[in-house]
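One structure is given here, and the rest of the page talks about it.
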Ligand code: GAR
């Protein structure tokens, strides 16, 4: 499996993927990283791990369609079997979603379908929910709406502030995303009628 990662920020989830892969390898390889802004932590991590990086900077293009064309070209150039959005903060164009249907994962810091979109941890605190967490799902053309692969729950302590909740959820993300990627690489995810079913590990399958 050729795994391509998309990221916009610090890249702690990307780093964690590389660490888990180094420790207990997936049946796959991390062939590249695409970032949509310069000077990201994610790109630094890729550079120090010899993972090729492509910058497709949104602001560099006059029209959104140009950005989308270059993004599609950049993605195709890596010939990925799986695309992983690890903190990628842009909505992907329909052409990419369709071409890679059920092969693009996204990580989102809430228990979807609750709190899609921006600042989900803030939304959760403002709503006063007592648990939140994180979700890995296949991307579809909606905002954080695609078939759910895996979720992890976080208890929200009384008086919790936004940064504390971000940190608590990130701890869970660092376990959840590598596990979802591993399941994909083992061909254990099947999507039927918008629902992801996780197949049991077969003989010879680790885990
Ligand atoms: C993660 O918390 C991820 O869930 C979030 O961005 C963060 C990236 O952290 N993604 C989204 O909000 C996507 N809607 P990282 O750069 O340290 O991996």
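No lab work stands behind these numbers, since they all come straight from the coordinates. All values derive from a computational prediction rather than experimental measurement. As a convention, Cβ positions derive from the backbone with ideal geometry for all residues, glycine included, and neighbour counts pool all protein chains shown.
For segment 32-108, rounded, prolate or oblate, judged on the Cα gyration tensor with a ≥ b ≥ c (square roots of eigenvalues), a/c < 1.5 rounded, else prolate if a/b > b/c? Walk me through the numbers before you get to the answer.
Working: a/c = 1.60, a/b = 1.15, b/c = 1.39.
Because a/c hits 1.5 or more and a/b fails to exceed b/c, segment 32-108 counts as oblate.
Projected over every direction and averaged, the convex hull enclosing the alpha-carbon atoms of segment 7-155 yields 9.4 nm². Look at 99, 64 and count the other Cβ atoms within 10 Å of each Cβ; fewest to most, that gives 64, 99. Which residue, 43, 180, 190, has the most motion in a Gaussian network model of the chain that connects Cα atoms within less than 10 Å? With Cα springs under 10 Å in the chain, the top fluctuation among 43, 180, 190 is at 190. Summary of packing: across the peptides 106-119, 3-16, the per-residue average of other C-beta atoms within 10 Å ranks them, highest first, as 3-16, 106-119. Label positions at residue 73 and residue 145, each projected 7 Å from the Cα along the C-beta direction, are separated by 3.1 nm.
Rounded, prolate or oblate: which fits segment 104-207 when a ≥ b ≥ c are the square roots of the eigenvalues of the alpha-carbon gyration tensor, with rounded for a/c under 1.5 and prolate only if a/b beats b/c? Verdict is prolate for segment 104-207. Sorting 134, 160, 185 by the number of Cβ atoms found within 10 Å of their own Cβ, with the fewest placed first, yields 160, 185, 134. Computed over the chain, relative contact order equals 19 percent, with contacts defined as Cα pairs under 8 Å that lie 6+ residues apart. Here the residues 135, 54, ranked from fewest to most Cβ neighbours within 10 Å of their Cβ, fall in the order 54, 135.
Between residue 201 and residue 49, what length in nm is gained on full extension when 0.36 nm per residue of separation is reduced by their alpha carbon distance?
Numbers: separation 152, 0.36 × 152 = 54.72 nm, distance 3.00 nm.
Length difference between fully extended and current span is 51.7 nm.
Extension gain for residue 163-residue 91 works out to 23.5 nm (0.36 nm per residue, less the C-alpha to C-alpha distance).
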